[in-house]
Amino acid sequence: MLKLAAGLMLCVPAALQAQPTPERAFVEGEDGVLVHQASGFRFPQEVAGFVRSDTADLAGSGEYVGVKYSRPLSTDGTLTLRAAVVRIPGLSPEAHYTITKPVVMASLADSRPVAEGPYERIEGSAGYRGVFTGSFEGNPWMRGLWTFERGEWDLRIRADVPRIDLIQADEAMEDFVSALNAGSSLVAASPSNPVEDDAVADPASAAIRPPEDR
């Protein structure tokens, strides 16, 4: 029941505000890499041409954190990627995707899928993804959503880009997702500083309504 409740909380429009990232959420490693202490996920300063620009502890507990990356494209557009790590024991990538998708897609008008289904580009690191076209604030827009599972932790990545940059952005998004997910998988399965077991009993730590539209 706890697992189901944690998953359903993804859709609850809770007043979840990003808090200043506390020292306990991330530690800085070599070459500017930020390591999420509880899960072991690694967020380099630069990934596949994307530069890390912001971090936040979205639940104030270190169990739901976000990292923002961006990369200029050939036109005036910018490809923005938001990665989130959240502790949801036993939630599959497809279930995570299905629950999160309505919230992530809410601000994309007239959306329709370009691609949707299992994501198996990385051997031994299957996930789930969807790429959609639509309109955002009156502009032709593309939005992508990827989800992956690492034991008790889930990784979610969202991409936003003007539709005019689709061809260049598509390759860039794939490169980023593959590079970040592959790098993170080396350590996330066996975290060096796991969270306390009693933290799971607090359903508020799983109330992860995606704040990506900020």
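For the stretch 122-141, indicate whether the set of residues that are more than 26 Å from Ala25 (Cβ to Cβ), assigned to a loop (DSSP other than H, G, I, E, B) and in contact with a strand residue (DSSP E or B) (Cβ under 8 Å, 6 or more places away or on another chain) is non-empty. Yes: the stretch 122-141 contains one or more residues that are more than 26 Å from Ala25 (Cβ to Cβ), assigned to a loop (DSSP other than H, G, I, E, B) and in contact with a strand residue (DSSP E or B) (Cβ under 8 Å, 6 or more places away or on another chain).
Being within 16 Å of Asp175 (Cβ to Cβ) and small (Gly, Ala, Ser), is that true of even one residue in the stretch 88-104? No, there is no match, as no residue in the stretch 88-104 is within 16 Å of Asp175 (Cβ to Cβ) and small (Gly, Ala, Ser).
So is Asp76 surrounded by fewer than 16 Cβ atoms within 10 Å (Cβ to Cβ), modelled with pLDDT of 90 or more and not hydroxyl-bearing (Ser, Thr, Tyr) or not? For Asp76, the condition - surrounded by fewer than 16 Cβ atoms within 10 Å (Cβ to Cβ), modelled with pLDDT of 90 or more and not hydroxyl-bearing (Ser, Thr, Tyr) - is not met.
Of the numbered criteria (1) among the aliphatic types (A, V, I, L, M); (2) surrounded by fewer than 23 Cβ atoms within 10 Å (Cβ to Cβ); (3) in contact (Cβ under 8 Å) with a residue 24 or more places away in the chain; (4) assigned to a helix (DSSP H, G or I), the one Val177 fails is (2). Got a sec? Which of Gly60, Gly144, Gly134 is farther than 19 Å from Leu34 by Cα and surrounded by fewer than 21 Cβ atoms within 10 Å (Cβ to Cβ)? That would be Gly134, the only listed residue that is farther than 19 Å from Leu34 by Cα and surrounded by fewer than 21 Cβ atoms within 10 Å (Cβ to Cβ). Filter the stretch 42-71 down to residues that are part of a loop (DSSP other than H, G, I, E, B) and of a type outside the set (S, T, N, Q) and give me whichever is modelled with the lowest pLDDT. Going through the qualifying residues, I end up with Gly60.
The values are calculated or read from the model by the stated rules, or taken from the named source; none is laboratory data. Just so it is clear, the model here is predicted, and its values are computed rather than measured. Glycine gets a Cβ as well: all are built from the backbone with ideal geometry, and neighbour counts include every protein chain shown.
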